[in-house]
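Trainee: Input: one structure, supplied below.
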Amino acid sequence: MTLSLACVLAETARRHPERLAVADDTTEVSYAQLWARSLSLAAGLRELGVAPGDRVALIAPNAVTFPAAYYAILAAGAVVVPVHLLLTPEEMAHVLRDSGARLLVCDRVLAEAGTRAAALAGLTVVTVGAAEADGLSRLEDSAAGAPALPTYVSRQAEDPAVIFYTSGTTGKPKGAVLSQLNLVLNATVNAFDCNETSPHDVVLGCLPLFHAYGQTVAMNTTFRLGATLILMRRFQPDAALDLMLRRQVNVFHGVPTMYVALAAAAREREPHRLPALRMCVSGGDSLPLTVLHEVEKLLHTKVFEGYGLSETAPTATTNQPHFGTRPGTVGHPVWGVEVEIARPDLPERIEFLPTGELGEIVVRGHNVFLGYHNMPEATAAAVVDGWFRTGDLGTKDADGFVRVVDRTKDVVIRGGFNVYPSEVENVLMEHPDIAQVAVIGVPHPVHGEEVCAVVVPADPAAPPAAEQVVSWAAERLGRHKYPRLVEFVSSLPLGPSGKVLKRELRAAFPGQAPGGGQP
């Protein structure tokens, strides 16, 4: 069976050629224009020797150049390797080498980092979106010497389409290989089954497009619908609210840290300076209930929490109008996907747990990846009996709602008792003097681990006393759960997708009481 992810853009360009597809801060293009540009760039890739099945790396920001180059690579029959923009050139070079990329396509504004990474990996680099050559080869120049492809190169449904490199919490990042079928169906399910979407939606694309969440849920889903995507190069809450108003955005996708910042910015505005959002989607991490309710109240919208991973294309579950919504959960499995709770202590087989019991979330369906690139042992450990082991702990209740409790690696074991950071964080977020918080475990000579709260105060000039936070939490949490250690920081370290990098916090506090804490 032939299938290409390129059809997501090609078919919408055929059906709605004049409709606005995407806009950034300098450019806006219709579906017909975007597809024509992608077919032209695909011809340029062919001129440079790119053949079907080759891997082509892409370094580009949230600008029109990203979807143009992304769909060009797919149209040429090649595999897209999106590169995280926050990586160092050395880390980028690892992705280029490990993926076996034949070529690097790099947006002109990121050419310095791209050329350094390409040099380290011994790879040819071409720029895209550059008005002038600047001494580098331009993909547009290669495209000018050849007629545009008449259509996209056909692929098999199980052929690779995109390789997402995971964040690398243990060792070097792994390349998760997603098939054409994985990504076409995930975009389709997000567009037509998960929420009450409309082709007239205007979606704010502030999630990084190189990340699975931004790429599938924002970009590919929007194009599958035939809606409009408004790109923001870097999320800033006030600027985002202004852009939503100016562009009449009615759909917002974000991660919890974005919602925290958005709520804080909205709180300071008059109602007439706030956008009229119809729907918000949150993913990437647990959204504190206090933040969810505040966003819904301030922006007069509904927030739908979902869940997924790069290895699941990414959407696995989401709160859906059809099943009803339940704040604090990530809803039901999406169409065609099964999600269950299995025993986490049996790595060699899948054994389901009774309803309501805590265990490892496992996923089976059209969204599960092909495997890790050139890592058969890691693939075999991750996909057992046809189910993908997520490494996340959660529950599934009698009504089918899935709740994510925490990452297995983030669970704090204090004195033999499991402490789930998300539970502690939800309680601490109710403290009036706390703007953001991340809970980690630090080594302790007696208890094994101690609970540590890393806090961003609401007022940096007048943070609460560490002892006051500890006593406040002790009144609301079990004796083994409340943090004995408190550290105040100006901001939390974030990954490219806006997730809090708890591994960096653990590295910052390696087994000793933080400066502001108490034993």
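Coordinate-derived values only; no laboratory data. Keep in mind the model is a prediction, meaning the values are calculated, not measured. Counting neighbours? That spans all protein chains shown, and the Cβs are built from the backbone with ideal geometry, glycine included.
Trainee: Could you check what % of the DSSP bridge pairs in the stretch 182-407 are antiparallel, to the nearest 5? The partial results should precede the final answer.
Mentor: On the way: 24 of 37 bridges.
About 65 percent, rounded to the nearest 5.
Trainee: Sorted by packing (mean other beta-carbon atoms within 10 Å per residue), highest first, where do 140-147, 122-129 land?
Mentor: Values: 140-147: 14.9, 122-129: 20.0.
Answer by packing, highest mean first, reads 122-129, 140-147.
Trainee: For the stretch 182-407, what is the per residue volume of the convex hull drawn over the alpha-carbon atoms, in cubic angstrom? Walk me through the numbers before you get to the answer.
Mentor: Numbers: hull volume 25.3 nm³, N = 226.
For the stretch 182-407, the hull spanned by Cα atoms encloses 112 Å³ per residue.
Trainee: Another question, then. In the stretch 178-196, whose amide N lies under 18 Å from the spot 7 Å out along Cα-to-Cβ of Trp335? List them in ranges.
Mentor: What the label zone holds, given the 18 Å backbone N cut-off, is 181-196.
Trainee: Among 71-83, 340-352, 48-60, how do they line up by average Cβ neighbours within 10 Å per residue, starting with the highest? Before the final figure, lay out the partial values.
Mentor: Numbers: 71-83: 27.2, 340-352: 13.8, 48-60: 20.0.
Ranked from most to least packed, the peptides come out as 71-83, 48-60, 340-352.
Trainee: Cβ neighbours within 10 Å, averaged per peptide: list 468-476, 109-117 in order, most packed at the top. The partial results should precede the final answer.
Mentor: Values: 468-476: 16.1, 109-117: 19.4.
Going by the mean number of other Cβ atoms within 10 Å, highest first, we get 109-117, 468-476.
Trainee: Once phi is turned into ³J(HN,Hα) by the Karplus curve 6.51 cos²θ - 1.76 cosθ + 1.60 with θ = phi - 60°, what whole-Hz value does each residue of the stretch 340-348 show in order, with x for glycine and proline?
Mentor: 9, 10, 10, 5, x, 9, 10, x, 8
Trainee: For Glu112 and Glu504, compute 0.36 nm times the residue count separating them, minus their Cα-Cα distance, and round to one decimal in nm. Intermediate values should be presented prior to the final figure.
Mentor: Numbers: separation 392, 0.36 × 392 = 141.12 nm, distance 2.64 nm.
The span from Glu112 to Glu504 would gain 138.5 nm if fully extended.
Trainee: Still on this structure, I have one more. Could you pull out which residues in the stretch 273-287 have an amide N less than 20 Å from a spot 7 Å beyond the Cα of Lys297, following the Cα-Cβ vector?
Mentor: 273-282, 287
Trainee: Okay, moving on. Students often get this wrong: which residues of the stretch 221-245 have the backbone nitrogen under 20 Å from the point 7 angstrom along Cα-to-C-beta of Ala32?
Mentor: Label zone hits: 223-229.
Trainee: How big is the dipole moment of the chain about its Cα centre under a simple scheme where the beta carbon of each Lys and Arg is +1, that of each Asp and Glu is -1, and everything else is neutral? Debye, nearest 20, please. All intermediate terms of the calculation are to be shown ahead of the outcome.
Mentor: Values: 43 positive and 55 negative charges, 101 e Å.
The calculated dipole for the chain is roughly 480 debye.
Trainee: Can you tell me which aspartates and glutamates have their Cα less than 15 Å from the Cα of Lys297? Leave out same-chain residues fewer than eight positions away.
Mentor: Partners found: Glu268, Glu270.
Trainee: List every DSSP H helix in the chain whose Cα atoms extend 20 Å or more along the helix's own long axis and whose mean Kyte-Doolittle hydropathy is at least -1.0. Write down the numbers at each step before the final one.
Mentor: On the way: long enough: 31-47 (24 Å, 0.13).
Membrane-span-like by this rule: 31-47.
Trainee: Using 7 Å Cα-to-Cβ label points, what is the Arg269/Phe192 separation (nm, one decimal)?
Mentor: About 3.4 nm separates the two model spin labels.
Trainee: Inverting the mean 1/r over all pairs of different Cα atoms, compute the Kirkwood radius of the stretch 411-508 and quote it in Å. Write out the running numbers ahead of the final one.
Mentor: Details: mean 1/r = 0.0739 Å⁻¹.
Evaluated on the stretch 411-508, it is 13.5 Å.
Trainee: Here is a further query. Where both residues lie in the chain, what percent of DSSP beta bridges are antiparallel, nearest 5? Kindly include the intermediate steps, with their values, before the conclusion.
Mentor: Details: 49 of 83 bridges.
Close to 60 percent.
Trainee: Which whole-number value in Å³ per residue fits the convex hull of the alpha carbons of the chain?
Mentor: On the way: hull volume 78.5 nm³, N = 519.
It comes to 151 Å³ per residue, whole-number rounded.
Trainee: When the chain is fully extended, how far beyond the present Cα-Cα distance does Glu475 get from Leu120, taking 0.36 nm per residue of separation? Please report the intermediate quantities before stating the final value.
Mentor: Working: separation 355, 0.36 × 355 = 127.80 nm, distance 5.46 nm.
Result: 122.3 nm gained on full extension.
Trainee: Could you work out how much longer the chain between Thr2 and Asp433 gets when fully extended? Use 0.36 nm per residue separation minus the Cα distance between them, nm to one decimal.
Mentor: Values: separation 431, 0.36 × 431 = 155.16 nm, distance 5.62 nm.
Between Thr2 and Asp433, full extension yields 149.5 nm more.
Trainee: Continuing with the same structure: Treating the beta-carbon of each Lys and Arg as +1 and of each Asp and Glu as -1, no other charges, what is the dipole magnitude of the stretch 342-493 about its Cα centre, to the nearest 20 debye? Intermediate results must be reported in sequence, preceding the final value.
Mentor: Numbers: 13 positive and 22 negative charges, 44 e Å.
Dipole size: approximately 220 debye.
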